[in-house]
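Worksheet: one structure, shown below.
The values are calculated or read from the model by the stated rules, or taken from the named source; none is laboratory data. This is a predicted model, so every value here is computed, not measured. With ideal geometry, Cβ positions are generated from the backbone for all residues, glycine too; neighbour counts draw on all protein chains shown.
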């Protein structure tokens, strides 16, 4: 969470967002604080005619504690559209409509350029606050699904596992994104934290179409002693055409239907590798290229 002494800076990030890139040095190798004020006076005026949004970019005087901001925004109605995020916009004097009339093309271009930079932790946390404040998606050149994917991909790239889990807990609509759930499960599986991986399996809904996630859900049910439920889900998958000899062999062994299982180690994904590990009598593995 950003400290209160820095919260005022968040008020003008939106208006400042489109001009910060031009002031960055691309040759910089050290972490860059793109939000840091300097002693120079910054003046910028931005007019957006289509959405009738008038913003006076903040004037930063030599006294860095003195920031003058003026924002006049017409109310934008977003009937039936979901609001997705983590933070309440009122925490930092933002609005639910802060992205609504922003051109999606510009958003993608700027974020693409920012992602090439090595940001300081403070700058990254500020960008996180802006991206994940509860808000409506842009209405121009960027669908709500694409905007959500951009934000999820950012969390995955930065490996912000706890933040992604909070996003899934607070926003049921995000649970339609199988990539986000699979990433969390694989991250926990990679360190053999099966309990946390199975906790994230609870995000898997009926509308998620992924054999990988369905198989993991089945394993979690077996691990939790709920074999009958696991068998029911596997039977329903097989009725839909699912066929996987390796997984069914491990399923029967873990459920006690058979007392032997194939000792082959399969490493094409983390779930198969984990199942190979826990069912192999003498597990030895040497990774190939």
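Return a yes/no flag: does segment 271-289 have any residue that is under 21 Å from residue 177 (Cα atoms) and surrounded by 15 or more Cβ atoms within 10 Å (Cβ to Cβ).
Looking only at segment 271-289, we keep the residues that are under 21 Å from residue 177 (Cα atoms), and these are 271.
Retained after the next criterion (residues that are surrounded by 15 or more Cβ atoms within 10 Å (Cβ to Cβ)): 271.
Yes, segment 271-289 contains at least one residue that is under 21 Å from residue 177 (Cα atoms) and surrounded by 15 or more Cβ atoms within 10 Å (Cβ to Cβ).
Name, by its number, the condition in (1) over 22 Å from residue 178 (Cα atoms); (2) surrounded by 15 or more Cβ atoms within 10 Å (Cβ to Cβ) that does not hold for residue 260. Failed condition: (2).
Of all the residues in segment 112-139, those that are under 15 Å from the mean Cα position of the chain (by Cα) and surrounded by fewer than 17 Cβ atoms within 10 Å (Cβ to Cβ) number 2. Determine whether residue 265 is assigned to a loop (DSSP other than H, G, I, E, B) and without any contact (Cβ under 8 Å) to a residue 24 or more places away in the chain. Yes. Restricted to segment 108-139, and to residues there that are modelled with pLDDT of 90 or more and in a strand (DSSP E or B), the residue that is nearest to residue 86 (Cα to Cα) is 133.
Going through (1) farther than 17 Å from residue 83 by Cα; (2) under 13 Å from the mean Cα position of the chain (by Cα); (3) surrounded by 15 or more Cβ atoms within 10 Å (Cβ to Cβ) one by one, residue 175 falls short only on (1). Of everything in segment 140-150 that's assigned to a helix (DSSP H, G or I) and free of Cβ contacts under 8 Å to residues at least 40 places away in the same chain, which residue is surrounded by the fewest Cβ atoms within 10 Å (Cβ to Cβ)? The qualifying residue surrounded by the fewest Cβ atoms within 10 Å (Cβ to Cβ) is 145.
Does residue 184 count as surrounded by 14 or more Cβ atoms within 10 Å (Cβ to Cβ), in contact (Cβ under 8 Å) with a residue 24 or more places away in the chain and on the phi < 0 side of the Ramachandran plot?
Considered against the rule, which asks whether it is surrounded by 14 or more Cβ atoms within 10 Å (Cβ to Cβ), in contact (Cβ under 8 Å) with a residue 24 or more places away in the chain and on the phi < 0 side of the Ramachandran plot, residue 184 comes out as no.
Is at least one residue of segment 197-208 in a helix (DSSP H, G or I), touching a helix residue (DSSP H, G or I) at 6+ places or on another chain (Cβ under 9 Å) and over 29 Å from residue 257 (Cα atoms)? Looking for residues that are in a helix (DSSP H, G or I), touching a helix residue (DSSP H, G or I) at 6+ places or on another chain (Cβ under 9 Å) and over 29 Å from residue 257 (Cα atoms), one finds none in segment 197-208, hence no. With respect to (1) assigned to a helix (DSSP H, G or I); (2) over 32 Å from the mean Cα position of the chain (by Cα), the lone exception for residue 246 is condition (2).
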